[in-house]
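Structure record follows, encoded as structure tokens.
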Amino acid sequence: MPSFSFVHTADLHLDSPFLGLGKLPESEERVVRTLREATFEAFDAVIELCRQQEVDFLLVAGDVYDGADRSLRAQLRFRDGLARLAEQGIRAYVVHGNHDPLDGWSHALQMPATVHVFGEQPDSVVFEKQGVPVARIHGISYPSRATERDFGRAERCGEEPFQIGLLHCNAGGDPRHDPYAPRSVRELEDSRLDYWALGHIHERTTLRPADPFIGYPGNTQGRHIHESGPRGCLLVQVGSDGRLVEPPAFVPTDQVRWSACRVDIRGHQTVTELRDELEDRLDELLQQTEGRPLVTRVTLEGRGPLHRELARENAREDLEETLRARGLERAPFVWIERLVLQTRPEIDWESRRAGQDFLGDLLRLMEGIRQEPEAIRELETALRDLYQHRRARRFLDPPDEAWLESLLDEAEIRCADLLAEEED
């Protein structure tokens, strides 16, 4: 059979806003425009990759749009992108996910004849190259946001040598994402398909490298701090023997890169010294973005004499604004999403914990919580309503023991700092 290639993408979330940025500077038109257009231009990068590599087809594994009622702007950009592929004879196969189910409202737009959008019932279509059937694509779209346990089952059928499952689901039970269409890796393996093109998990993830390949490309553009690092799609080559020529190649498509920056205040005597190190670190991060603008969260940590100064009223806000102004002078720009203080006062914690005063009692209580599993579980229960809220859980990782201990650390720091300041 002829060899062929395709691009596997998912979770475009077209027209989705960036989250956690606060008030953007309207005077900085280039910044505002770049952030507002990022999801669209990331999709354009997917289209250009297909055209430049002259692939045979594009797979879109759900969540094309960010909401059930998709904007006309988003729908037109999606349709126009697929039309550019059609001009080059590149087909597209699309399923809808939990964010953009079929029962959502949409404008009456006609897709190019080269586009196949799967409906609410399981279906499969055959792709031919040079008159030879080389691939069969199995797919199903979400009829509504909710799905059943067995949603999207597919089994090998027909004689096509390479068969693909196109599905938006939570495979392997990733606890960081909603359990839409939960499937086990074993269930997908038993289907006897050759490639599972999955969507829904925004992190690039390979659950099985081959026979069959099971994986997620991740989303095409990070939209908040929990979607840091390169974002993109997978370029796949299938040989004449009906097998992957090599592992799918990840290709970045993000137009703005999210990243986190942590700096220790230890050793710094002045805010000027600290600011200089921060700017050096931001320059290092910017060099890693391959020419993309950078949005970053800066966390200051460690013990040092600057802790008290940074904790003073408006000190954090002033430093944050200074860094933002300097970042906007760079090309490409750097935007400070937030400056977080996790510094600690210069306190002899062991001696204060042994003290027979209120602060000593408090520090011993917190240490007892750390060492008592039942107390940690009580803290987790107290926070469950927030972390399992249907809106909040999209952006908050489930609190594990390490995260709960970090909350205790922060509480300990604040209490010790306030009480030590009163003593002074």
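Any read-out appearing in this document is the output of simple, stated calculations on the displayed coordinates, not a laboratory observation. Remember, it's a predicted structure, so these values are computed and weren't measured experimentally. Cβ: placed from backbone, ideal geometry, glycine included. Neighbour counts: every protein chain shown.
Once the Cβ-Cβ distance between ARG330 and ARG393 is put in as r, and R0 is 35 Å, what FRET efficiency do you end up with, to the nearest 0.05? Could you put the intermediate results ahead of the total?
Working: r = 34 Å, r/R0 = 0.99.
Approximately 0.50, to the nearest 0.05.
Would you please give the FRET efficiency between VAL125 and ASP400, computed as 1/(1 + (r/R0)^6) with r the Cβ-Cβ distance and R0 = 45 Å, to the nearest 0.05?
On the way: r = 42 Å, r/R0 = 0.94.
The pair VAL125/ASP400 has a calculated efficiency of 0.60.
Using 10 Å bins from zero, what percent of all Cα-Cα pairs in segment 4-252 falls into each bin?
Result, from short to long distances: 7, 33, 38, 17, 3, 1 percent.
If you stretched the chain out fully between ARG303 and SER228, how much longer would it get, using 0.36 nm times the residue separation minus the C-alpha to C-alpha distance? Show your work: numbers first, answer last.
On the way: separation 75, 0.36 × 75 = 27.00 nm, distance 2.67 nm.
This chain segment gains 24.3 nm when fully extended.
Would you be so kind as to identify which of ALA375, VAL238, HIS168 lies farthest towards the positive end of the dipole of the chain, taking Lys and Arg as +1 and Asp and Glu as -1 on Cβ and the Cα centre as origin?
Farthest towards the positive pole: VAL238.
If you take every residue apart from ARG292 with its C-beta less than 11 Å away from the C-beta of ARG292, what net charge results, scoring Lys and Arg +1 and Asp and Glu -1?
Values: positive: ARG231, ARG257; negative: GLU41, ASP254, GLU290.
So the surrounding residues net to -1.
How far, in degrees from 0 to 90, does helix 315-328 lean away from the longest principal axis of the Cα atoms of the chain, to the nearest 10?
40
Using 0.36 nm per residue, how much length does the chain from ALA108 to GLU28 gain when fully extended, once their Cα-Cα distance is taken away?
Answer, rounded to one decimal: 25.2 nm.
Helix-only mean residue ellipticity at 222 nm, the chain, DSSP H runs n ≥ 4 weighted -39,500 (n - 2.57), per residue, nearest 500. What is it?
Values: 10 runs with 141 residues, N = 424.
-10500 deg cm²/dmol, from helical runs alone.
Can you work out ³J(HN,Hα) from phi for every residue in segment 283-294, in order, using Karplus 6.51 cos²θ - 1.76 cosθ + 1.60 and θ = phi - 60°, giving whole Hz and x for Gly and Pro?
With the stated coefficients, segment 283-294 comes to 5, 4, 5, 5, 5, 8, 8, 6, x, 8, x, 10 Hz.
What three numbers, in Å, describe the spread of the alpha carbons of segment 221-334 along their principal axes, ordered from the longest?
Ordered largest first, segment 221-334 gives principal extents of 67, 28, 20 Å.
Would you kindly state how much longer the chain becomes between VAL245 and ASN314 on full extension, computed as 0.36 nm times their sequence separation minus their alpha carbon distance, in nm to one decimal?
Difference between extended and current length: 19.1 nm.
Which far-off residues, 5 or more places away or on another chain, put their amide H under 5 Å from the one on ARG344, with H placed in the peptide plane?
GLY302, ARG303, GLY304
Which value in nm describes the separation of the simple spin-label points at ASP190 and GLN53, placed 7 Å from the Cα toward the beta carbon?
Going by the 7 Å Cα→Cβ label model, 3.2 nm.
How big is the dipole moment of the chain about its Cα centre under a simple scheme where the beta carbon of each Lys and Arg is +1, that of each Asp and Glu is -1, and everything else is neutral? Debye, nearest 20, please. Before the final figure, lay out each step's value.
Details: 53 positive and 79 negative charges, 306 e Å.
Its charge dipole is roughly 1460 debye.
To the nearest 0.05, what FRET efficiency results for ARG275 and ARG153 with a Förster distance of 35 Å applied to their C-beta separation? Before the final figure, lay out the partial values.
Values: r = 57 Å, r/R0 = 1.63.
Here the calculated transfer efficiency is 0.05.
Please give the helix 373-387 orientation as an angle from the longest Cα principal axis of the chain, in degrees from 0 to 90, rounded to the nearest 10.
For helix 373-387, the angle is close to 60 degrees.
Can you tell me the relative contact order of the chain? Whole percent, Cα pairs under 8 Å, sequence separation 6 or more.
Values: 858 pairs, mean separation 55.1, N = 424.
Relative contact order, the chain: 13 percent.
Tabulate in residue order the Karplus-calculated ³J(HN,Hα) for segment 94-105, using 6.51 cos²θ - 1.76 cosθ + 1.60 with θ = phi - 60°, rounded to whole Hz; enter x for Gly and Pro.
Per-residue couplings from phi come out as 10, 10, 9, x, 6, 7, 10, x, 5, 7, x, 7 Hz.
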